[in-house]
Amino acid sequence: MRVLVINNLRSGQGDAGLYEYVRELSEAGADVMLRPITAEGGLEHALRDAEDHDRVVAAGGDGTVSSIAHILRGTGVPVLAYPAGTANLIALNLKVPLDPARLAETTLHGRLMRTDLGELAYGVAPAVVPVERRHRPRAGSRRRIGFTGMAGAGFDAEIMEGASKLKSVLGAGAYLVAAMQNLEPTVAQIRMDLDGRKIETEGSGVLLVNFGTIQFDLAVTHDSDGADGLFEVVVFKTRHVTDLLPVVMAAMLDNIVDHPDRSRAMDTYRARRIEVATTPGLPLQSDGDTLGASTPFSAKVLPLAATWVVPA
């Protein structure tokens, strides 16, 4: 079996287990090609011959995994979400093991599973134009990226931004610290088009959910399905971080009682195509990476576009 391992050296806190994992693959008879990258921009080149391999291993954070899955969308090339980042929510939702030996076993003998991907489109600020060229103004461009777990605007993006400098020290705990540092998130007027249905509301964030499990194995929604061709569109109505406590408690109780109520802290809709605008603008994130941009944005489901390797 030919295995292509893409290792994003800038993701997470580094992963010494990756080389033990590669050794396990080699000892099991796999032909392994390890390609390190230092930025997302190198992915297209790193994946140039992906279809010549039986497996592609995406070793990095959730953003790296989603970028690889999006580049390979529709090809049928199986991707293993190797947990080398901080949160590793995609690997968590796909129940990928952490142990290098079990990861190698899953890579070589796991089953294949197809899921939806999301595609997010948003505006990019125009580049700085030299003085001598300013007679030719340049408009801002539109960027499209893929996401697997969740993407959105507002409170969640503010937490991601606050956690970015703490992840190397605190790991997943950085998200809790960032939430405590942002006790009163920005509340905005929100206008949404959900498959042609117009909705006006207000809240501190909009989250598009494909995979519903987050840090500490909590479920944002209790009916998300990554293969149903729909997003759960969550509008957080919180004005203070403590307003999220009912959601956290309900998520903790999900495995004990049947579907605790979350409606006091959030509204949930379902849609295939979404357009969102807010006043004021809210920052954007995709699979845990802040995008340096703000609303408006649009998104759509790419049905069953990703093929994953998961435990047998």
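A compact table of results
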read-out: Residues Leu98, Leu89, Leu117, sorted so that the one with the fewest Cβ neighbours within 10 Å comes first; value: Leu98, Leu117, Leu89
read-out: Sequence-separation-based contact order of the range 2-109, relative, with Cα cut under 8 Å and 6+ spacing, percent; value: 34 percent
read-out: 5 angstrom amide H check on Leu117, placed H, neighbours 5+ away; value: Leu302, Leu304, Ala305, Ala306
read-out: Arg270 long-range amide H proximity, modeled H, under 5 Å; value: Val233
read-out: Order of Asp54, Asp62, Asp49 - criterion: other Cβ atoms within 10 Å of each residue's Cβ, fewest first; value: Asp49, Asp54, Asp62
read-out: J(HN,Hα) series, the range 305-312, from Karplus relation 6.51 cos²θ - 1.76 cosθ + 1.60, nearest Hz, glycine and proline x; value: 7, 10, 10, 10, 9, 10, x, 5
read-out: Proxy reagent accessibility, fewest Cβ within 10 Å first, across Tyr19, Tyr122, Tyr269, Tyr82; value: Tyr19, Tyr269, Tyr122, Tyr82
read-out: Charge dipole (the range 2-109, unit charges on Cβ, about Cα centre) - positive-most of Tyr19, Pro36, Ser66; value: Ser66
read-out: Highest average packing first - 201-214, 291-304, Cβ atoms within 10 Å; value: 201-214, 291-304
read-out: Residue-wise HN-Hα coupling along the range 227-236, computed from phi with Karplus coefficients 6.51, -1.76, 1.60 (Hz; x: Gly, Pro); value: 10, 9, x, 9, 9, 7, 9, 9, 10, 7
read-out: Residues with amide H under 5 Å from that of Gly212, placed H, sequence gap 5 or more; value: none
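Every number in this text was worked out from the coordinates using simple rules, so none of it is lab data. Just so it is clear, the structure is predicted and the values come from calculations on it, not from any experiment. Because the Cβ atoms are built from the backbone with ideal geometry, glycine has one as well, and the counts that use them run over all protein chains shown.
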